[in-house]
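Have a look at the structure below before the remarks.
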Amino acid sequence: MDRRLRRSLLRQGASPAEIEQAETGGYLTLLVLDRAVMPGARKYTLRQLAERAGTDLTTARTVWRAIGFPDLADDLPSFADADVAALRGFVERLKEPWFYDWGLDRAIPQARVLSSALARIADAESDDMARSVDEARRAGLSDEALATLVGERLDFNDIARLLDHVHRLQLRAAIWRKLAGSDPGTPGTVVATVGFVDLVGYTALAEGLDDTELAALVEHFSALAHDTVVSFGGRIVKTIGDEVMFITEQPAAAANIALRLAEASTQDDVLPDARAGLAYGPVLSREGDYFGQVVNLASRLTELAYPQTVLVSSDLAATLDGDPEFSLRRFGRRRVRGIGRVDFYRLDSAAVRAG
């Protein structure tokens with residue numbers, strides 16, 4: 001084995017036995033990636049991790065599960081010094097909260113949300129890594145040659161700095177949204193427009209596509225939705241296959257987003273027709289998601305919409321009334337499950353209605 005590669009792995013905490021097993025098993029590249037992302041010798045069991053971090057085994061296991069990982073064998077050394085430092089920091093924050101009582105009952109749900117979001121980021125990152133490794137292998141590089149190349153080229157600290165910076169930008173924006181001009185006594189409640197957009201006939205279409213084609217369709221829709229929502233100052237809350245949920249404090253921006261996505265789907269050779277539902281009012285923000293009757297109504301209106309149409313709640317229609325950019329037409333009154341009887345309107349751009 002290349003001496004530089006061996007020395008690098010040893011510095012990053014891999015044991016001689018691990019290196020030998022990886023060389024024999026043909027997965028040196030995987031070991032290099034593993035230690036580039038998480039350097040340090042794995043020498044502590046979960047119980048030892050808890051003891052060194054100054055907490056009990058139950059808390060350590062609860063945190064481990066909350067960040068998305070299954071229980072480990074009691075005698076399996078899976079943790080390094082960095083894990084001890086991270087858990088200790090978490091425990092110390094529980095003991096000395098900032099302004100409010102930030103106990104385990106509040107910290108664990110937050111950990112679940114953060115872990116879920118980071119898991120998606122990790123999936124996206126690993127897609128490119130896996131593709132690059134596969135292409136290198138197809139080109140004829142040996143496992144050792146590829147491992148050496150990865151060890152020389154990959155600096156995860158650069159990636160971590162980028163992620164940290166984007167996180168700071170997003171956190172700053174979220175703080176301003178939730179605190180600037182907010183009323184005391186209503187933490188987490190904001191007045192906003194919630195929108196859902198979904199693809200009509202997606203299920204039937206998906207049955208005729210192979211996995212690669214389906215993944216390409218979903219990625220195409222996600223990219224279109226993300227770019228459209230962000231360009232108007234909105235935020236994607238979540239995407240679930242053929243449906244995207246977004247939110248914005250500006251009603252006109254939400255209307256433009258929905259209309260653009262509905263129109264774009266008709267001009268796209270890949271996507272089926274889209275439809276959308278919008279509702280306006282107070283929503284409860286919790287752990288990166290939004291809840292309340294406004295959210296439920298927007299979802300129900302999406303189900304009622306025809307292909308290529310946008311339906312909006314009466315509150316949003318009243319807010320948009322008089323805006324020369326839009327045309328509103330009362331579409332009906334329906335009993336909506338979980339909400340009751342509601343009036344709703346069809347939204348079009350003024351240019352479309354005039355034509």
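What follows is calculated from the coordinates using simple rules that are stated; it is not laboratory data. Computed from a predicted structure; not experimentally measured. Reconstructed Cβ throughout: ideal geometry from the backbone, glycine too, with neighbour counts over all protein chains shown.
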Among 169, 33, 118, the residue with the largest mean-square fluctuation in a Gaussian network model of the chain built from Cα contacts under 10 Å is 169
I want the antiparallel fraction of DSSP beta bridges within the stretch 183-354, as a percent rounded to 5. 95 percent
Per residue of the chain, what 222 nm ellipticity follows from adding -39500 (n - 2.57) for every DSSP H run with n ≥ 4, rounded to the nearest 500? -18000 deg cm²/dmol
If I model a spin label as a point 7 Å beyond the Cα along the Cα-Cβ vector, how far apart are those points for residue 165 and residue 123 in nm? 2.7 nm
In bins 5 Å wide, starting from 0, what share of all Cα pairs of the stretch 1-104 does each bin hold, as a percent? 2, 12, 19, 19, 15, 13, 10, 6, 3, 2, 1
Neighbour-count ranking [beta-carbon atoms within 10 angstrom, fewest first] of 102, 64, 176: 176, 102, 64
Quick one: order 211, 321, 83 by neighbouring beta-carbon count within 10 Å, fewest to most. 211, 321, 83
Using DSSP, restrict attention to beta bridges with both residues in the chain and report what percent are antiparallel, rounded to the nearest 5. 95 percent
Positive-pole candidate from 338, 276, 237, dipole of the stretch 195-351, charges at beta carbon: 338
Provide, for q = 0.08, 0.11, 0.13 Å⁻¹, the log10 of I(q)/I(0) from a solvent-free Debye sum over equal Cα point scatterers in the chain. -0.57, -0.94, -1.12
Rounded to the nearest 0.05, what FRET efficiency do residue 286 and residue 139 give with R0 = 51 Å and r taken as the Cβ-Cβ distance? Could you check? 0.60
Mind giving me the nanometre distance, one decimal, between the label points for residue 226 and residue 1, set 7 Å out from Cα along Cα→Cβ? 3.7 nm
Would you please give the FRET efficiency between residue 334 and residue 37, computed as 1/(1 + (r/R0)^6) with r the Cβ-Cβ distance and R0 = 56 Å, to the nearest 0.05? 0.60
Give me the extension gain from residue 210 to residue 104: residue separation times 0.36 nm, minus the current Cα-Cα distance, reported in nm with one decimal. 33.8 nm
Could you tell me, in Å, what Rg and Dmax come out for the Cα atoms of the stretch 3-176? 18.6, 58
For a quick check: with amide H placed at 1.01 Å from N, whose amide H comes under 5 Å from residue 336's, ignoring anything fewer than 5 positions away on the same chain? 341, 342
On a C-alpha basis, how far is the centre of the stretch 66-118 from the centre of the stretch 244-316 in Å? Whole number, if you could? 35 Å
Which whole-number value in Å³ per residue fits the convex hull of the alpha carbons of the stretch 183-354? 124 Å³
Additional length obtainable on full extension of the chain from residue 95 to residue 236, 0.36 nm per residue less Cα span: 47.3 nm
How large is the direction-averaged shadow of the alpha-carbon convex hull of the stretch 54-99, in nm²? 3.7 nm²
Phi angles of the stretch 70-80, converted by Karplus (6.51 cos²θ - 1.76 cosθ + 1.60, θ = phi - 60°) into ³J(HN,Hα) in whole Hz with x for Gly and Pro, give x, 4, 10, 4, 4, 9, 8, x, 10, 10, 10
Please give, to one decimal in nm, the separation of the simple spin-label points placed at residue 249 and residue 57, each 7 Å out from Cα toward the Cβ. 4.9 nm
Can you tell me the relative contact order of the stretch 3-176? Whole percent, Cα pairs under 8 Å, sequence separation 6 or more. 26 percent
Would you mind calculating the gained length between residue 203 and residue 48 on full extension (0.36 nm times residue separation, minus the Cα-Cα distance), in nm to one decimal? 50.9 nm
